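Everything on this sheet refers to the single structure shown next.
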Amino acid sequence: MNDVLSGVPFAAPELPDAENPFLHTELFVHAQVTRILVDVMAGTVGILLELRHVDHLPANTALLRVTGVAQQNWICTATANEFTAWSITGATMHQRPGEFQFVAQCLPAGALRVVGSAAEFVLLEAATLATAPPDYLNDPRELIRFGVADGNTECEAVGVARSAQTERV
(Lines give C-alpha, C1' and ligand atoms only; values in the text may rest on other atoms or scores of the structure.)
Protein backbone atom coordinates (compact mmCIF):
# COMPACT_ATOMS: atom_id res chain seq x y z
CA MET A 1 0.00 0.00 0.00
CA ASN A 2 2.77 2.48 0.88
CA ASP A 3 4.41 1.75 -2.49
CA VAL A 4 1.21 2.65 -4.35
CA LEU A 5 0.84 5.82 -2.27
CA SER A 6 4.40 6.91 -2.96
CA GLY A 7 4.04 6.37 -6.71
CA VAL A 8 6.19 3.26 -7.18
CA PRO A 9 5.33 1.90 -10.65
CA PHE A 10 2.93 -1.04 -10.69
CA ALA A 11 1.09 -3.04 -13.32
CA ALA A 12 -2.70 -3.17 -13.30
CA PRO A 13 -5.29 -3.22 -16.05
CA GLU A 14 -7.42 -0.15 -16.71
CA LEU A 15 -10.81 -0.43 -15.02
CA PRO A 16 -13.77 -0.79 -17.39
CA ASP A 17 -15.97 2.31 -17.64
CA ALA A 18 -18.65 0.65 -15.47
CA GLU A 19 -16.14 0.38 -12.57
CA ASN A 20 -14.49 3.77 -13.08
CA PRO A 21 -15.43 6.17 -10.24
CA PHE A 22 -14.11 9.14 -12.24
CA LEU A 23 -16.98 8.46 -14.65
CA HIS A 24 -19.52 7.30 -12.04
CA THR A 25 -19.12 8.94 -8.61
CA GLU A 26 -21.98 6.81 -7.26
CA LEU A 27 -19.46 3.94 -7.14
CA PHE A 28 -18.06 5.56 -3.98
CA VAL A 29 -21.40 5.19 -2.16
CA HIS A 30 -21.18 2.58 0.64
CA ALA A 31 -17.38 2.48 0.48
CA GLN A 32 -15.94 3.26 3.89
CA VAL A 33 -13.09 5.67 4.57
CA THR A 34 -10.78 3.94 7.05
CA ARG A 35 -7.61 6.01 6.78
CA ILE A 36 -6.32 9.18 5.18
CA LEU A 37 -2.61 8.86 4.47
CA VAL A 38 -0.74 12.13 3.95
CA ASP A 39 2.75 12.42 2.46
CA VAL A 40 3.46 16.11 3.00
CA MET A 41 6.87 16.05 1.33
CA ALA A 42 5.50 14.53 -1.86
CA GLY A 43 2.22 16.50 -1.80
CA THR A 44 0.21 13.28 -1.95
CA VAL A 45 -2.91 12.18 -0.09
CA GLY A 46 -4.19 8.62 -0.12
CA ILE A 47 -7.74 7.84 0.92
CA LEU A 48 -7.96 4.20 1.95
CA LEU A 49 -11.37 2.70 1.25
CA GLU A 50 -12.92 -0.44 2.71
CA LEU A 51 -14.97 -2.16 -0.03
CA ARG A 52 -16.25 -5.35 1.59
CA HIS A 53 -19.73 -3.75 1.88
CA VAL A 54 -19.66 -2.66 -1.79
CA ASP A 55 -21.12 -5.19 -4.22
CA HIS A 56 -20.33 -3.31 -7.44
CA LEU A 57 -16.50 -3.26 -7.22
CA PRO A 58 -14.45 -6.51 -7.51
CA ALA A 59 -11.95 -6.01 -4.66
CA ASN A 60 -11.89 -5.65 -0.88
CA THR A 61 -10.07 -2.32 -0.63
CA ALA A 62 -9.03 0.65 -2.74
CA LEU A 63 -6.78 3.68 -2.62
CA LEU A 64 -7.77 7.04 -4.07
CA ARG A 65 -4.37 8.68 -4.57
CA VAL A 66 -4.39 12.45 -5.13
CA THR A 67 -1.16 14.12 -6.24
CA GLY A 68 -0.13 17.77 -6.26
CA VAL A 69 -2.29 18.30 -3.18
CA ALA A 70 -3.05 21.90 -2.29
CA GLN A 71 -5.79 21.20 0.28
CA GLN A 72 -7.10 18.34 2.39
CA ASN A 73 -9.90 18.77 4.94
CA TRP A 74 -11.63 16.30 7.21
CA ILE A 75 -14.57 17.77 9.12
CA CYS A 76 -16.81 15.93 11.58
CA THR A 77 -18.88 16.62 14.66
CA ALA A 78 -17.25 16.09 18.06
CA THR A 79 -19.77 13.41 18.95
CA ALA A 80 -18.94 11.49 15.80
CA ASN A 81 -15.32 10.83 16.79
CA GLU A 82 -15.88 7.15 17.51
CA PHE A 83 -13.48 4.41 16.45
CA THR A 84 -15.23 3.53 13.20
CA ALA A 85 -15.07 3.56 9.44
CA TRP A 86 -16.92 6.39 7.73
CA SER A 87 -19.49 5.28 5.13
CA ILE A 88 -19.63 7.46 2.04
CA THR A 89 -23.20 8.55 1.34
CA GLY A 90 -22.39 10.84 -1.58
CA ALA A 91 -19.39 12.03 -3.55
CA THR A 92 -18.65 14.73 -6.09
CA MET A 93 -15.64 15.31 -8.29
CA HIS A 94 -14.54 18.24 -10.36
CA GLN A 95 -11.87 17.76 -12.98
CA ARG A 96 -10.29 20.31 -15.24
CA PRO A 97 -6.79 20.58 -16.67
CA GLY A 98 -4.33 20.64 -13.79
CA GLU A 99 -6.97 20.46 -11.03
CA PHE A 100 -8.84 17.65 -9.34
CA GLN A 101 -11.32 18.04 -6.47
CA PHE A 102 -12.95 15.25 -4.49
CA VAL A 103 -15.64 15.82 -1.86
CA ALA A 104 -17.27 12.97 0.09
CA GLN A 105 -20.15 13.19 2.54
CA CYS A 106 -19.89 10.49 5.19
CA LEU A 107 -21.87 8.90 8.01
CA PRO A 108 -21.63 9.47 10.92
CA ALA A 109 -21.63 13.25 10.23
CA GLY A 110 -18.38 13.81 8.36
CA ALA A 111 -17.06 15.38 5.17
CA LEU A 112 -13.80 14.96 3.31
CA ARG A 113 -12.38 17.34 0.70
CA VAL A 114 -9.13 16.95 -1.24
CA VAL A 115 -7.89 19.33 -3.93
CA GLY A 116 -4.88 18.45 -6.06
CA SER A 117 -3.65 18.34 -9.61
CA ALA A 118 -4.60 14.74 -10.50
CA ALA A 119 -5.78 11.44 -9.02
CA GLU A 120 -5.89 7.74 -9.58
CA PHE A 121 -8.20 5.13 -8.13
CA VAL A 122 -6.51 1.78 -7.51
CA LEU A 123 -8.61 -1.29 -6.72
CA LEU A 124 -6.66 -3.57 -4.39
CA GLU A 125 -7.10 -7.06 -3.03
CA ALA A 126 -5.62 -7.64 0.43
CA ALA A 127 -5.38 -11.40 0.90
CA THR A 128 -4.88 -11.08 4.67
CA LEU A 129 -8.32 -9.57 5.29
CA ALA A 130 -11.26 -11.68 6.41
CA THR A 131 -14.27 -11.99 4.12
CA ALA A 132 -16.33 -9.65 6.30
CA PRO A 133 -15.15 -6.35 7.78
CA PRO A 134 -14.94 -6.01 11.56
CA ASP A 135 -18.00 -5.15 13.64
CA TYR A 136 -17.25 -1.57 14.72
CA LEU A 137 -19.78 -1.68 17.57
CA ASN A 138 -18.87 -5.00 19.19
CA ASP A 139 -15.35 -6.09 18.21
CA PRO A 140 -12.39 -5.10 20.39
CA ARG A 141 -10.38 -2.12 19.15
CA GLU A 142 -7.35 -4.31 18.25
CA LEU A 143 -9.48 -6.59 16.07
CA ILE A 144 -10.94 -3.56 14.30
CA ARG A 145 -7.53 -1.94 13.74
CA PHE A 146 -6.03 -5.12 12.25
CA GLY A 147 -9.23 -6.11 10.44
CA VAL A 148 -8.90 -3.37 7.81
CA ALA A 149 -6.10 -2.51 5.41
CA ASP A 150 -3.53 0.10 6.38
CA GLY A 151 -0.46 1.61 4.76
CA ASN A 152 1.61 -1.53 5.38
CA THR A 153 -0.90 -4.09 4.12
CA GLU A 154 0.36 -6.24 1.25
CA CYS A 155 -2.06 -5.86 -1.65
CA GLU A 156 -2.39 -6.97 -5.24
CA ALA A 157 -3.52 -4.30 -7.73
CA VAL A 158 -6.75 -5.42 -9.42
CA GLY A 159 -7.29 -2.39 -11.65
CA VAL A 160 -6.71 1.33 -11.96
CA ALA A 161 -8.56 4.39 -13.24
CA ARG A 162 -7.01 7.82 -13.69
CA SER A 163 -8.46 11.28 -13.60
CA ALA A 164 -7.87 13.64 -16.48
CA GLN A 165 -4.26 14.85 -16.75
CA THR A 166 -2.77 12.02 -14.63
CA GLU A 167 0.64 10.55 -15.30
CA ARG A 168 0.75 6.76 -15.52
CA VAL A 169 2.32 5.12 -12.48
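For the range 88-107, the count of residues that are over 15 Å from Gln32 (Cα atoms), of a type in the set (Lys, Arg) and open to solvent by less than 90 Å² (accessible area, probe 1.4 Å) is zero. Pairing each residue of the range 8-33 that is closer than 16 Å to Gly46 by Cα with any residue that is of a type in the set (Lys, Arg), provided the two are 6+ apart or on different chains, yields C-beta distances under 9 Å for Pro9/Arg168; Phe22/Arg162; Gln32/Arg52. For the range 18-35, taking the residues that are closer than 17 Å to Tyr136 by Cβ and surrounded by fewer than 20 Cβ atoms within 10 Å (Cβ to Cβ), the one that is modelled with the lowest pLDDT is identified as Arg35.
So, in the range 108-119, of the ones that are out of contact with any Cys (no Cβ under 8 Å at 6 or more places or on another chain) and surrounded by fewer than 22 Cβ atoms within 10 Å (Cβ to Cβ), which residue ends up nearest to Phe83 (Cα to Cα)?
Arg113
From the list Leu5, Leu64, the one residue that fits, being under 10 Å from the mean Cα position of the chain (by Cα) and crowded, with 16+ Cβ neighbours inside 10 Å, is Leu64.
The values are calculated or read from the model by the stated rules, or taken from the named source; none is laboratory data. No experiment lies behind these values; they were computed from the predicted model shown. Note: ideal-geometry Cβ built from the backbone for every residue, glycine included; neighbour counts use all protein chains shown. With ligands, DNA and RNA removed, areas are computed over all heavy atoms of the protein, side chains included. Shrake-Rupley method; radii C 1.70, N 1.55, O 1.52, S 1.80 Å.
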